[in-house]
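See structure below.
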Amino acid sequence: MKISFPIMGNSYLAFKQLVKDIGHEPIVAPLPTARTMSLGTMYAPEFACIPFKIMLGTYLEAIEKGAEVIVASGGHGPCRAGYYGVLHQKIIQDLGYDTKIIVFDSIAKTYKEFISKLKWLLKTGQTSWWQFLKAFRPAWAKLKALDEIEILSYHVRPYEINTGETTRVYRKCLQLMDEPITPSDIKEAGEVCVQMLRNIPQDKSRKPLKIGIIGEIYVLIEPFANLDIQATLGEMGVYTERAMHLFHWIKENTKLSRHEKKVIKLAQPYLRQMIGGHGINSIGETVMFAERGFDGVIQLAPFSCIPEIVAKGILPQVSHDQEISVMTIFLDEMMGKAGMQTRLEAFVDLLLQRREHRLAEAL
Amino acid sequence: MTQLKIGFPRTLFYFLYYPFWYTFFTELGCEVVTSLPTTKYSLDLGVEETVNDACLPIKLYHGHVAELKEQVDVLFMPRMVKVRKMETEVFCPKFLGLPDMVRNSIADLPRIIDEKVDLSKGLFPKWDLCRKVAEQLEKRGFIVWQAYRQAQKCQDKFKQYLVQGIEVQEAIDAVIEGRICHESKQFTTDIDLAILGYPYLIYDSFVNVGLFEKLGHMGIKPWTVEMVPPHRLEAQAKYLPKSLFWYFSNRTIRATFYYLHEKKVDGIVHVTAFGCGPDAMVDKLMELEAKHSGPIPFLTLSLDEQTGEAGIFTRIEAFVDMLRLRRKNDENIFSHHG
Ligand code: SF4
Ligand code: SF4
């Protein structure tokens, strides 16, 4: 069967492999573009969040390429993401397509359904459970390697001597990572990529500003949604770290990691309730970045994102108490790269001034 | 001894739960103070205090709190999480974080009671909640039990009135004054229109610019979520493969199914707040369902601080004209062929 899935950062490389390994034909939707966005916007409700719109656009483009089934992850609230699947399906049906969306909700809460969906996927792919388990390892390894490569690129970029080189090398890395199939080949390719990134000529004498990126997970991870904010900042000479990467997120989704527990604890003085999405993380991560001596924090939030609006209401107090500058960027279909660039430059200027001010005071 | 003054903002949960808490606190010997009905002033206050990306109802809540804060000793601002035994049904995330939002954005607040309302666990969750709230007021023992029983009685009565279609503010006033409800003004009507949405939009006459009164004059009988018999409302759950995660949203969508399939109204109006997160999904579900049931005409009215009376009424009027025209055409067809 022709199976597709949502695009989220570079993870499609791993999912593509997984689909193939369980005996189906993967349909990788085109990476999101302005066309994806306008397709999604046209058929989604006006106030649906950006991830909903981009995903809908992606699904429609996957359907154009022949996808018969789309596999997505679900959820149980309290935010909207867990309901995406139902509504996506209804909209797609209303448009006259019979493509099925199969949503995997939490295995703990819907054990029976989860297993029967999986069974169906394996049966139609003529794959045994044993083959399935075997297929899991390389996909997992790929996801992990991809995360590492991406993170390294953010570390290298602010030091690069030739502006744009990291981005070029990173693109090459993605091509390289598309090929290997076995775990050992994947590991090897991963190491080659790391080396390639390390070999980029760098000026280590720079003292880049440090900015933490927090907010809603999809716009954090998908560069199309955040207008490639981390690369943009990197090329402006800023070191960035973001609160979430897909590999870690999947791991954390299965059980609360120590990191996440700490984040929730740090958020306590400001927000005492899990509010869905990553609202509480946004508060806790800001405190954590402040404690680690970052110069500033940027909150990325889809327009109309419920938990991030709550978080935004609380962040000024956090920013005040923790003495860290926070800027919120709401992302919608109208936001352009130029607008983003201007806002980033203004924020970076502000942070540079603050830093100088602080240094002058320290003397 | 002077009575402790407890502040209860006249918005959000006020419209469905005020009779309960009013009775409870009064029986405990406190004085309950509410903010005045929403006006332009509450809105302006609220806009000043809230993140500007918040929806209208959240801004209004901030406004009501700002208005009350200097008049009371304690602010009652329950953290609404779950009101029934369903694992995945909560309130909108903005409700979940509301006490924190208020605390971090309004200065000089009095003491706050923000006990978590989670009625999904335990044998007697409501009683447990009341006990905890009373404890914060240093009240214990039998008097609390009595207050709880009394509050429950009052609330039951109130719910009955709502199902009968008594106007909400009148029902609230009647039960807390312990009098019989005045019957709502009777209009002759020829059109049944479901007006669906969250209670804090539907029943706040500033927000809805006096909608119900005007509908009456236009010869329209309005039907609301609260007028659906409770067991019929829940029975509609079967129409969706998965329940929504938000209590008020489930009520709204289920009422939609009820009015489409059982009560069969002439049209449906969805009243929603501009930028409302849950409603982005609810509205689309309603629209698709109405389209595939007939179709039944469907109108979305999205409210924000700029929506004027004029805007709302031209749209409603046009909608109603269309409904009447439709009916006439149907009748014509009927008489020609019958
Ligand atoms: S967290 Fe934000 S983006 Fe995610 S589903 Fe909720 S509202 Fe949408
Ligand atoms: S349900 Fe909608 S209107 Fe109500 S608080 Fe949430 S976002 Fe605002």
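Annotations for the structure displayed:
- Looking at B:PHE274, B:PHE298, just one residue is assigned by TED's automatic domain parsing to the domain that holds B:LEU201, within 16 Å of ligand 1 (Cβ to nearest atom) and in contact with a strand residue (DSSP E or B) (Cβ under 6 Å, 6 or more places away or on another chain), and that residue is B:PHE274.
- Sole residue being more than 20 Å from the chain's Cα centre (by Cα) and within 14 Å of chain B (Cβ to nearest Cβ), chosen from A:GLU46, A:GLU25: A:GLU46
- Contacts under 6 angstrom Cβ, first residue in segment B:187-214 being within 20 Å of B:VAL320 (Cβ to Cβ) and at pLDDT 90 or above, partner in a loop (DSSP other than H, G, I, E, B) and within 16 Å of ligand 2 (Cβ to nearest atom), 6 or more apart: B:LEU201/B:VAL207
- Any chance B:ILE296 is more than 8 Å from chain A (Cβ to nearest Cβ), part of a strand (DSSP E or B), away from ligand 2 (no atom under 12 Å from the Cβ) and hydrophobic (A, V, I, L, M, F, W, C): no
- Test: residue in segment A:191-209 that is outside the structural domain of A:HIS278 (by TED's automatic domain parsing), part of a loop (DSSP other than H, G, I, E, B), on the phi > 0 side of the Ramachandran plot and away from ligand 2 (no atom under 16 Å from the Cβ): no
- Which numbered condition A:GLU216 fails, given (1) more than 14 Å from chain B (Cβ to nearest Cβ); (2) touching a residue at least 60 places away in the same chain (Cβ under 8 Å); (3) among the charged types (D, E, K, R): (1)
- Of residues in segment A:271-303 being crowded, with 24+ Cβ neighbours inside 10 Å and part of a loop (DSSP other than H, G, I, E, B), the one farthest from the other protein chains (Cβ to nearest Cβ): A:HIS278
- On the stretch given as segment B:280-290, residues that are more than 7 Å from every other protein chain (Cβ to nearest Cβ) and either outside any helix (DSSP H, G or I) or within 11 Å of ligand 2 (Cβ to nearest atom) (or both) total 1.
- Set side by side, the residues B:LYS82, B:LYS94 differ, and just one is within 16 Å of ligand 1 (Cβ to nearest atom), within 11 Å of chain A (Cβ to nearest Cβ), within 16 Å of B:PHE248 (Cα to Cα) and modelled with pLDDT under 95, which is B:LYS94.
- Residue count for segment A:304-344, restricted to those that are within 16 Å of ligand 1 (Cβ to nearest atom), outside any loop (DSSP other than H, G, I, E, B) and touching a Lys or Arg at 6+ places or on another chain (Cβ under 8 Å): 5
- When A:LYS109 is tested against the conditions (1) in a loop (DSSP other than H, G, I, E, B); (2) of a type outside the set (Val, Ile, Thr); (3) away from chain B (no Cβ under 14 Å), the lone failure is (3).
- Breaking point among (1) out of contact with any Phe, Trp or Tyr (no Cβ under 7 Å at 6 or more places or on another chain); (2) part of a helix (DSSP H, G or I); (3) within 23 Å of A:ASN226 (Cβ to Cβ), for A:LYS20: (3)
- Residue, nearest to the other protein chains (Cβ to nearest Cβ), within segment B:221-240, restricted to residues that are hydrophobic (A, V, I, L, M, F, W, C) and surrounded by fewer than 17 Cβ atoms within 10 Å (Cβ to Cβ): B:ALA237
- Of all residues in segment A:275-325, those being of a type outside the set (D, E, K, R) and farther than 25 Å from A:ARG355 by Cβ number 19.
- Filter pass, A:ILE107 being closer than 30 Å to A:MET335 by Cα and either more than 16 Å from ligand 1 (Cβ to nearest atom) or at pLDDT below 90 (or both): no
- Candidate set from segment A:76-103 (those that are among the aromatic types (Phe, Trp, Tyr) and within 21 Å of A:ILE50 (Cα to Cα)); member that is surrounded by the most Cβ atoms within 10 Å (Cβ to Cβ): A:TYR83
- Of everything listed in (1) within 26 Å of B:ASP118 (Cβ to Cβ); (2) more than 14 Å from ligand 2 (Cβ to nearest atom); (3) not in a loop (DSSP other than H, G, I, E, B), the single unmet condition for B:HIS62 is (2).
- Residues located in segment B:84-123, provided they are within 15 Å of ligand 2 (Cβ to nearest atom) and more than 30 Å from B:LEU45 (Cα to Cα): B:GLU89
- Being in contact (Cβ under 8 Å) with a residue 60 or more places away in the chain, surrounded by fewer than 24 Cβ atoms within 10 Å (Cβ to Cβ) and away from ligand 2 (no atom under 16 Å from the Cβ) is true of B:VAL74.
- Residue count for segment B:99-108 satisfying the condition of being more than 13 Å from every other protein chain (Cβ to nearest Cβ) and either in contact with a strand residue (DSSP E or B) (Cβ under 7 Å, 6 or more places away or on another chain) or among the small types (Gly, Ala, Ser) (or both): 0.
- Restricting segment B:42-67 to residues that are among the hydroxyl-bearing types (Ser, Thr, Tyr) and at pLDDT 85 or above, the residue that is nearest to ligand 1 (Cβ to nearest atom) is B:TYR61.
- Residue under evaluation A:ASP94, criteria (1) within 14 Å of chain B (Cβ to nearest Cβ); (2) touching a residue at least 24 places away in the same chain (Cβ under 8 Å); (3) not β-branched (Val, Ile, Thr), criterion not met: (2)
- Residue selected from segment A:262-297 under the condition farther than 19 Å from A:GLY212 by Cα and within 20 Å of the chain's Cα centre (by Cα), by the criterion nearest to ligand 1 (Cβ to nearest atom): A:GLY276
- Inter-residue pairs, beta-carbon under 6 Å, first away from chain A (no Cβ under 14 Å) and in segment B:1-25, second in a loop (DSSP other than H, G, I, E, B) and within 16 Å of ligand 2 (Cβ to nearest atom), 6+ apart: B:PHE15/B:TYR203
- Taken together, the residues in segment A:211-220 that are within 12 Å of ligand 1 (Cβ to nearest atom) and not in a loop (DSSP other than H, G, I, E, B) amount to 5.
- Any chance B:SER243 is in contact (Cβ under 8 Å) with a residue 60 or more places away in the chain, within 14 Å of chain A (Cβ to nearest Cβ) and either hydroxyl-bearing (Ser, Thr, Tyr) or in a loop (DSSP other than H, G, I, E, B) (or both): yes
The values are calculated or read from the model by the stated rules, or taken from the named source; none is laboratory data. Note that this is a predicted model, so its numbers are computed, not measured. All Cβ positions, glycine included, derive from the backbone under ideal geometry; neighbour counts span all protein chains shown.
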